[in-house]
1. Between Ile36 and Arg64, what is the spin-label point distance in nm, taking each point 7 Å from the Cα along the Cα→C-beta axis?
2. Mind pulling the angle between the C-alpha long axis of helix 24-33 and the longest principal axis of the chain? Nearest 10 degrees, somewhere in 0 to 90.
3. To the nearest 10 degrees, how steeply does helix 53-62 sit against the main Cα axis of the chain, on a 0 to 90 scale?
4. With every protein chain left in place, what is the accessible area per residue of the chain in square angstrom, probe 1.4 Å?
5. Could you compute the net charge surrounding Met137? Neighbours are other residues with a C-beta less than 12 Å from the C-beta of Met137; K and R count +1, D and E count -1.
6. Computed from these coordinates, which is Cα extents along the principal axes in Å: [x] 41, 35, 27; [y] 49, 31, 30; [z] 43, 29, 29?
7. What net charge is computed for the residues neighbouring Tyr81, neighbours being all others with C-beta under 13 Å from the C-beta of Tyr81, Lys and Arg scored +1, Asp and Glu -1?
8. Rounded to the nearest 500, what is the 222 nm mean residue ellipticity of the chain from helices alone, with -39500 (n - 2.57) per DSSP H run of 4+ residues and division by all residues?
Amino acid sequence: KEQKRIPDANLVGKITLTAHSGGYNVVSAILKRGGITSNITDVVLFDASYGGLDGFIDWSTERRGRRLVSIFTEHLAVRNYEMLTMLKSKQADFIAIMDKELTPIKLSPRKPIFIHTTDIVHDEVMQKRDYFKLFLMGAMP
């Protein structure tokens, strides 16, 4: 069966991958498998750090200028602390803030950014606040 592949990665622009909850698995697998990974500039996890953490960390530290954003609630705090520890062991620069400090400017650095929210639950991460809108504002040059 013929595979529909993009013949040249140069034909593809910048790619942002996002995931909520269990979507982490697919995003981490994409980052691990590779292909046009060089085009992926941003990964945004909306309370989606259950596993595949090494895929996120390896991708974010493999090349300067990549931005991994993890917005997490209390129940994934331990998993995000694991990612922070992994980044620290690689001597990678990162930002860790509370969501009350979040602004588009704080989302603009091209490095891993961890945002801990303590007053919303997992099912509200996508709609309760305008996190994705803030990300888009911070992503603009």
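1. 2.6 nm
2. The two axes meet at around 40 degrees.
3. 70 degrees
4. On the way: 8240 Å² over 141 residues.
With all protein chains present, the chain gives 58 Å² per residue.
5. Values: positive: Lys106, Lys133; negative: Asp130.
The answer is +1.
6. [y]
7. Values: positive: Arg79, Lys88; negative: Glu74, Glu82.
Charge balance in the 13 Å sphere: 0.
8. Numbers: 4 runs with 42 residues, N = 141.
Helices in the chain give a 222 nm mean residue ellipticity of -9000 deg cm²/dmol.
The values are calculated or read from the model by the stated rules, or taken from the named source; none is laboratory data. Predicted model, so just to flag it, every value in this text is computed and none were measured. Cβ coordinates were reconstructed from backbone atoms using ideal geometry, including for glycine residues, and neighbour counts include every protein chain displayed. In case anyone asks, the SASA skips ligands and DNA or RNA and just uses the protein heavy atoms, side chains included. Shrake-Rupley method; radii C 1.70, N 1.55, O 1.52, S 1.80 Å.
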